[in-house]
Amino acid sequence: MASTAHVAKSSRRTSPRAPFSASDTLRHKALERLTLAIAKAVESASDDTLADIVGSEDLRHALVIAPRDIAPEAPADLEAIRSARERTAQFREEMAERAGGMFDRAHVAEMLGVSSAAIDKQRQRRQILGVPYGTELRYPAAQFVKGEVLHGLKAVLEAFDDMNPWEQLMMLTTPVDGFGSSPETIFQTLARRPEQKILKQLAGLAASWTA
């Protein structure tokens, strides 16, 4: 089934990179944050705390006592964190609305008549776009028309190279001039099944955004 809340029911080239799942990406980011936190804790630790850490036989105990000398975050810092989270949520909500909603993997698999594993492979091959929601991935509805992936989308996604998926979605849903009688998004242009010349221009435009 697809999720809700503005969610519908239901160039430059680098060497190939091994695809990462959403959980792998989240785990990597968590490791980065914990590494920074531990470095801060050790820097702030007193000699007694450092001795306790070194003497801990249980790593969990060491993690518990490590931050005890860190000064509590100021209210202003906590407010900044809260505001940043709100902005992120608002941005995602706006992007979901611009994309016509978001489908989950099971819905996309059923719509295209393939397995969920096949959807993962299509995303890794940049045939479709998936954006991370925590440990899950959602698929913008606007990249599908009449139960099929937009013709020419793969070339555009490849041109984005390693751009963040949310930034890709923002570019794909931002109206641009030059491809229709009035400004339209790349999704809208692709939905008209344009000729090969236009597809190359769209891919070139996407590549220019990564420069």
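Annotations for the structure displayed:
- Test: residue in the stretch 25-32 that is within 30 Å of G147 (Cα to Cα) and modelled with pLDDT of 50 or more: yes
- Among (1) crowded, with 16+ Cβ neighbours inside 10 Å; (2) in a helix (DSSP H, G or I) - the single one E93 does not satisfy: (1)
- Taken together, the residues in the stretch 99-138 that are within 17 Å of L172 (Cα to Cα) and not in a helix (DSSP H, G or I) amount to 13.
- Of all positions in the stretch 114-129, none carries a residue that is more than 25 Å from F187 (Cα to Cα), exposed (fewer than 15 other Cβ atoms within 10 Å of the Cβ) and assigned by TED's automatic domain parsing to the domain that holds T174.
- Of all residues making up the stretch 139-155, the number that are crowded, with 21+ Cβ neighbours inside 10 Å, in contact with a helix residue (DSSP H, G or I) (Cβ under 8 Å, 6 or more places away or on another chain) and part of a helix (DSSP H, G or I): 3
- Screening P165, P183 for residues that are in contact with a strand residue (DSSP E or B) (Cβ under 7 Å, 6 or more places away or on another chain), surrounded by fewer than 15 Cβ atoms within 10 Å (Cβ to Cβ) and assigned by TED's automatic domain parsing to the domain that holds A141 leaves exactly one candidate, P183.
- Taken over the stretch 156-170, residues that are outside any loop (DSSP other than H, G, I, E, B) and within 18 Å of A89 (Cα to Cα) amount to 6.
- Residue check, R68 part of a helix (DSSP H, G or I), of a type in the set (K, R) and loosely packed, with under 15 Cβ neighbours inside 10 Å: yes
The values are calculated or read from the model by the stated rules, or taken from the named source; none is laboratory data. In this text the structure is predicted, and so the values were computed from the model without any measurement. Cβ coordinates were reconstructed from backbone atoms using ideal geometry, including for glycine residues, and neighbour counts include every protein chain displayed.
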